[in-house]
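Following: one structure in structure tokens, then a few remarks.
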Amino acid sequence: MRSPFGWGLVAIAAAATAVAIWTQSNTGLALVAAATAIVAASLLFVEVGMRGWNPPVRTTHPSGPGPSDKVRAAFASGRLGRESMVALLDRLSRTTSDPTHPSTSLEQLETIVRMSPEDFRAYVRARVEYLEARS
């Protein structure tokens, strides 16, 4: 339980019940202990009723790598990774800023794939800045 009383009330109810059972010959003490157990249990029911029953929230975790993992892997995957980055940038251009943006031609793709790592990063940076400026 989350309340400051919850477990304390359970302990009081259990202890009072044990005392009521243990003192069966002493009716006065057994009656007080039983009344204490009933009050503690009633307070627990009131507390649960006021808070409501909140079932635990289940979180789902996506299976497989996320989008950022795929982009990170594309930068480290050589030719195929570069091709997928260019395709991703083309898709982003069409869906965000320019629906008529043509796909990169095969000749342009060959040139981009053969760039040095520094030139390729500069190309990606320029495309992303263009997308940011257009959106």
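When F45, F120, F75 are compared by accessible area at a 1.4 angstrom probe, the order from most to least is F45, F75, F120. Testing the spin-label approximation: label points 7 Å from Cα along Cα→Cβ at S84 and I21. State their distance in nm. In this crude spin-label approximation the distance works out to 6.4 nm.
Net charge of the neighbourhood of E118, taken over other residues with C-beta under 14 Å away and scored Lys/Arg +1, Asp/Glu -1, is +3. Computed from backbone phi with θ = phi - 60° and the Karplus coefficients 6.51, -1.76 and 1.60, the 3J(HN,Hα) list for the range 112-126 is 5, 5, 8, 5, 5, x, 5, 5, 5, 4, 5, 4, 5, 4, 5 Hz; x is used for glycine and proline.
Each of the peptides 82-92, 98-108, 15-25 was scored by the mean count of other Cβ atoms within 10 Å over its residues; in descending order, highest first, they stand as 82-92, 15-25, 98-108.
Working note: Karplus 6.51/-1.76/1.60 with θ = phi - 60° gives the range 35-46 the couplings 5, 5, 5, 5, 5, 4, 5, 5, 5, 5, 5, 4 Hz, where Gly and Pro are set to x. With R₀ set to 25 Å, the beta-carbon distance separating S116 from T96 gives a calculated FRET efficiency near 0.35. With R₀ set to 30 Å, the beta-carbon distance separating S103 from A76 gives a calculated FRET efficiency near 0.80.
The values are calculated or read from the model by the stated rules, or taken from the named source; none is laboratory data. A quick note: this is a predicted structure, and the numbers were derived from the prediction, not measured. Glycine also receives a Cβ, built like all others from the backbone with ideal geometry; neighbour counts cover every protein chain displayed. Only protein heavy atoms, including side chains, enter the accessible area calculation; ligands, DNA and RNA are left aside. Shrake-Rupley method; radii C 1.70, N 1.55, O 1.52, S 1.80 Å.
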